[in-house]
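A short worksheet on the structure shown next.
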Amino acid sequence: MFRYMLAPIEDYTGSMFRKLCFDNGADLTFTEMTRVEGIVRNNKATLSKIEIKDTTPVEIQLLPSNEEQLAKYILGFKPFEGFVGFNLNLCCPSKNITKYGRGGAMVRRVEKINKLLKIIQKENYSTSIKLSLGLNNFEKENKVYLQSISETDANYYVVQAKTSAQKSSEEYDYSILNECVDTKKEIIANGNINTIKKVEKMKKIGCNGVMVGRSAVLNPAIFNQLKGNMTKPIKELTKDYEELCKVYNEREKYYSNFLKVVKSGKFV
Ligand SMILES: Cc1cc2nc3c(=O)[nH]c(=O)nc-3n(C[C@H](O)[C@H](O)[C@H](O)COP(=O)(O)O)c2cc1C
């Protein structure tokens, strides 16, 4: 089945936004990136990123580094209704993260990725990977992403078709998706996919789904739109969202960030 996923977007894709997208055609959603060490230390701000308020299908996105901390978290983890699995972030471009070999700098660290996967999979949790094409053009040309897809065994791979050094506003390079699909692994395409034409292109390449981020914040019904289903107008969607936030007591940050985007018609 070709799947439509909502991308994790820090400060936007909170529990109720994920539910809104799920109610409007998204098959799967993700929490925003969460540092494992913060969870293990019971850091309040970190824990709030993985606060779940309903049963929308969700994967918890982790930024791992230390195996002991990851094992501690996974062993104490209690699955909940809606929990689908974990997702490892191998795409974060922030220098504060990549300088420690994490996020986008972990794409080339195949041995490390395998150690982390093993810790989670040992407990029988599904684990996906979201990766960029590497830290920079040099790594992309050396196809580090292809090595990490072929030589690891995640349940599926979300490929953000740019390097971590490239800005989101730059053009995505979908041409690399062909060789990713050739690995015979399950590949989900990500990066500025916002039209049926682009979805058709991904299907033709052989991808197993698409992940949509910024375009979903501008229009949470984009999933139904891409599936060719009827869609609700944005006015109705914001009304639904306001109602959900009230009922489930959503955090102010998520509530106002999405409404600001809708009002301005721009994702900043
Ligand atoms: C403000 C912002 C925050 C983001 N936060 C995350 C995050 O927490 N985890 C992650 O894997 N990707 C994050 N991303 C990347 C998106 O998930 C996605 O890969 C990227 O925006 C490309 O997809 P799109 O063109 O459909 O938006 C973020 C992107 C933006 C613009």
Helices (runs of 4 or more DSSP H) wholly inside segment 29-91 containing at least 1 residues that are of a type in the set (Val, Ile, Thr) and touching a Pro at 6+ places or on another chain (Cβ under 6 Å): 36-40
Exactly one of Lys112, Lys49 is basic (Lys, Arg), open to solvent by 30 Å² or more (accessible area, probe 1.4 Å) and away from the ligand (no atom under 16 Å from the Cβ), and that one is Lys112
Of all residues in segment 92-109 being in contact with a strand residue (DSSP E or B) (Cβ under 7 Å, 6 or more places away or on another chain) and open to solvent by 10 Å² or more (accessible area, probe 1.4 Å), which is farthest from Ile52 (Cα to Cα)? Arg102
Are any of the residues in segment 56-63 surrounded by fewer than 16 Cβ atoms within 10 Å (Cβ to Cβ), of a type in the set (Ser, Thr, Tyr) and either touching a Ser or Thr at 6+ places or on another chain (Cβ under 7 Å) or farther than 15 Å from Leu117 by Cβ (or both)? no
Among what's in segment 87-99 and is within 10 Å of the chain's Cα centre (by Cα) and of a type in the set (A, V, I, L, M, F, W, C), pick the residue that is nearest to the ligand (Cβ to nearest atom). Cys91
Specify which of the listed residues (Glu111, Glu123) is over 18 Å from the mean Cα position of the chain (by Cα), over 17 Å from Asn89 (Cα atoms) and not aromatic (Phe, Trp, Tyr). Glu123
Of all residues making up segment 1-27, the number that are hydrophobic (A, V, I, L, M, F, W, C) and within 13 Å of the ligand (Cβ to nearest atom): 7
Return the residue satisfying two criteria in turn: it lies in segment 6-46 and is among the aromatic types (Phe, Trp, Tyr) and within 23 Å of Gly103 (Cα to Cα), and of such residues it is most open to solvent (accessible area, probe 1.4 Å). Tyr12
For Met230: the one exception among (1) among the hydrophobic types (A, V, I, L, M, F, W, C); (2) surrounded by fewer than 15 Cβ atoms within 10 Å (Cβ to Cβ); (3) not in a loop (DSSP other than H, G, I, E, B): (3)
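The values are calculated or read from the model by the stated rules, or taken from the named source; none is laboratory data. Not measured: the values here are computed from a predicted model. Backbone-built Cβ (ideal geometry, glycine too); neighbour counts: all protein chains shown. The area values use the complete protein model at the heavy-atom level, side chains included, leaving out ligands, DNA and RNA. Shrake-Rupley method; radii C 1.70, N 1.55, O 1.52, S 1.80 Å.
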